[in-house]
Amino acid sequence: MSKHACELNFLSRSDGSALYSIGNTVALASVNGPGEVKKFNRLYNRAYLEVSYSPSTGQSMIGERALESVITRTVEQVILVHLHPRTAVNVTIQEMQSDGLELSTSVNAACLSLLDAGVQMKSTFAAVTCCLTPSSTILIEPTAAEMKESVAVATFVLDGQALNVLSAHQEGCLNAENFNACLKACQTAAKDVFNFYRQALEKKYHTCNEIS
Amino acid sequence: MKEVPLSTCEKTSIVSAIRAGQRYDNREFLEVRDISLNFGKDYGSCTVTLGQTRVLAQVTGEVVEPRPSRPNEGKISISVHLSPMAAPHFESGRSNDLVDELQQILERNIKESRCLDLESLCVLAEESVWQLRVDVTVLNHAGNLGDACNLASVAALRHFHRPDVTVEEDGRVTIHTLEEREPIPTFMKKVPVCLTYAFFVVDDKCYMLMDPSEKEERVSNYFYELVKLWIKVKFGFMRFGWLLRQTLVPPTCLPS
């Protein structure tokens, strides 16, 4: 598994932010909210969720919209939107450096930035990407080169309590048996990711305690 | 989300602190905040931190046809992006006065100054040239975006290495990967440096502050405009562009 690193509260103007990296892929997520919402988007019984993903170069195109939709679907299930009616929660993700793992880095960065902002959630969530090589081995968090050689790439976003699947994204061909094997491998790897979240937040609150 | 308005007591306290010779973050009037540059794994990626202001610049290049009016010159295009990440009241995609202003500053500093030798970007005259694209994204707006964006784009351009190219006899152009051949660095003849000052006129006295923070910027706009100064390091002359109506205290801080 590649090395995970993160820095919380990276941006002073955002309510919560996290700079997250898995291996050589780095993403920066920032959360603002729950806050004021335009009349057009106002919902009477819940918060309006807006997720935007910007690539490091060029315009946002269809690939970025696809990533946004996976992240929106995940975040919608997890944030307690009904506690904040007629407000908006804005999640902005900026790709800083990419080595193939954009989706999982962005999702993890989004989770940590929501925790940093203190937005109420049902559970934490973590994304793990794995790929199936032609020789039927499963590689967790492969590099871009390894992904190119693989038969299929699958990303699962799992929740922090029971490791249930919140969303999944897959490219390539996976039969049922391989799909389940990938899922199991990702669920085992996700436990390490959740431990990493815990360490990152302990570090943040430990520093706060030291100052006070 | 709407911009949080600056309260009257914040405005008056900033101005009275300046009258007493102090700034809110304990800096001297002509002191710049700490600057740090972080370069990414890919050539041409740079993140600048100026105090709390953070800006990311990414340079990429591709081979295209040149402009018919200038067949030997490469092209540079600069674009600035502002999203709700920079400050909650920005909306991505909406054109904004601030984006236009930053774009104008960068185009003037980099394109119009001719600091980059565009002829060196030519591969085959009238057929292929390199087009460099600079994408500047503001990550956090804590004042003085002009300087930070300029610093980030210049650093990213100097960090950028373009892939080596061979032109065959029959005119075919082969672009080598970074592993096959050493990439070529970009050559900058001059380095544009941008310094921003905010002016406060209080009781007929004019105070000049360097590198204004976000609140200082908002208060000074209320009173008056910013001066942008641009120095060509090699040639040693300075160019002023200002819009101040009153007589100006001669700037003594400028480096010679």
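Values in this text are rule-based calculations from the coordinates and carry no lab data. Everything numeric here is computed off the predicted structure, so don't read it as measured data. Here the Cβ is made from the backbone with ideal geometry for all residues, glycine too, and neighbour counts use every protein chain on show.
So which trypsin sites (Lys or Arg not before Pro) in segment B:178-210 end up in coil per DSSP with only 16 or fewer other C-beta atoms within 10 Å? Walk me through the numbers on the way to the answer.
Values: sites: B:181, B:189, B:190, B:205; in loops: B:181, B:189, B:190.
Counting only loop positions with at most 16 other Cβ atoms within 10 Å, the trypsin sites (Lys or Arg not before Pro) in segment B:178-210 are B:181, B:189, B:190.
On a per residue basis, the convex hull of the C-alpha atoms belonging to segment B:167-217 measures out at 185 Å³. Checking every one of the chymotrypsin sites (Phe, Trp or Tyr not before Pro) in segment B:92-200 against DSSP loop status and a limit of 16 other Cβ atoms within 10 Å picks out B:187. Rg and Dmax over the alpha-carbon atoms of segment B:56-157 stand at 15.0, 47 Å. The alpha carbons of segment B:143-191 give a radius of gyration and a Dmax of 15.7, 53 Å, in that order.
Taking the Cα atoms only, what angle lies between the long axis of helix A:102-117 and the longest principal axis of chain A, rounded to 10 degrees? Around 30 degrees separate the two axes. Over all distinct Cα-Cα pairs of the protein assembly as shown, the Kirkwood formula returns a hydrodynamic radius of 24.5 Å.
Semi-axes of the equivalent ellipsoid of segment B:8-89 are 40, 16, 14 Å, computed as sqrt(5λ) over the eigenvalues of the C-alpha gyration tensor in descending order.
Take peptide A:123-132, look around each residue's Cβ out to 10 angstrom, count Cβ atoms belonging to other protein chains, and average those counts.
Numbers: counts 0, 0, 0, 0, 0, 0, 0, 0, 0, 0.
For this peptide, the per-residue mean of nearby foreign Cβ atoms is 0.
Counting neighbouring beta carbons within 10 Å and listing from fewest to most, the residues B:215, A:191 come out as A:191, B:215.
Expressed in Å, the radius of gyration and Dmax of the Cα atoms of chain B are 20.9, 73.
D by Stokes-Einstein for segment A:1-114, Kirkwood Rh over Cα pairs, 37 °C, 0.692 mPa s: 229 µm²/s.
For chain A, state the semi-axes of the equivalent ellipsoid (square roots of 5 times the eigenvalues of the alpha-carbon gyration tensor), sorted largest first and rounded to whole angstrom. The partial results should precede the final answer.
Numbers: eigenvalues 161, 76, 56 Å².
Rounded to whole Å, the semi-axes are 28, 20, 17.
I want the local charge near residue A:71. Using Cβ-Cβ distances under 14 Å, sum +1 for each Lys or Arg and -1 for each Asp or Glu among the other residues. It would help to have the intermediate numbers written out before the result.
Details: positive: A:65, A:73; negative: A:50, A:64, A:68, A:76, A:95, A:102.
Once positives and negatives cancel, what remains is -4.
Give the peptides A:89-96, A:73-80 in descending order of average Cβ contacts within 10 Å, highest first.
Working: A:89-96: 25.9, A:73-80: 18.8.
Top of the packing list down: A:89-96, A:73-80.
Taking only C-alpha pairs under 8 Å that are 6+ residues apart, what is the relative contact order of segment A:70-181 in percent? Relative CO of segment A:70-181 lands at 24 percent.
The antiparallel fraction among DSSP beta bridges confined to segment A:4-211 stands at about 85%.
Mind checking the angle between helix A:62-78 and chain A's longest principal axis? C-alpha axes, 0 to 90 degrees, to the nearest 10. With both axes taken from Cα atoms, the answer is about 70 degrees. Kirkwood hydrodynamic radius computed over segment B:98-216 comes to 17.1 Å, based on all pairs of distinct alpha carbons. Helix B:97-106 and the longest principal axis of the C-alpha atoms of chain B enclose an angle of approximately 60°.
Ordering B:114-125, A:146-157, A:6-17 by mean Cβ neighbour count within 10 Å, with the highest value first, yields A:6-17, A:146-157, B:114-125.
Mean per-residue shielding of peptide B:84-94 is 6, counting Cβ atoms of other chains within 10 Å of each Cβ.
When both segment B:22-62 and segment A:152-174 are represented by their alpha-carbon centers, they are found 37 Å apart. Of B:75/B:215; A:3/A:184; A:39/B:11; A:122/A:204; A:122/B:215; A:148/B:41, which ones are farther than 28 Å apart at the Cα? Among B:75/B:215; A:3/A:184; A:39/B:11; A:122/A:204; A:122/B:215; A:148/B:41, the Cα-Cα distance tops 28 Å for B:75/B:215; A:39/B:11; A:122/B:215. Under 20 Å of direct C-alpha separation, and excluding same-chain neighbours fewer than eight residues apart, residue A:38 reaches these lysines: B:2.
Over all residues in B:38-48, what is the mean tally of Cβ atoms on other chains that come within 10 Å of each residue's Cβ?
On the way: counts 1, 0, 5, 7, 6, 0, 2, 5, 0, 5, 0.
That works out to 3 on average.
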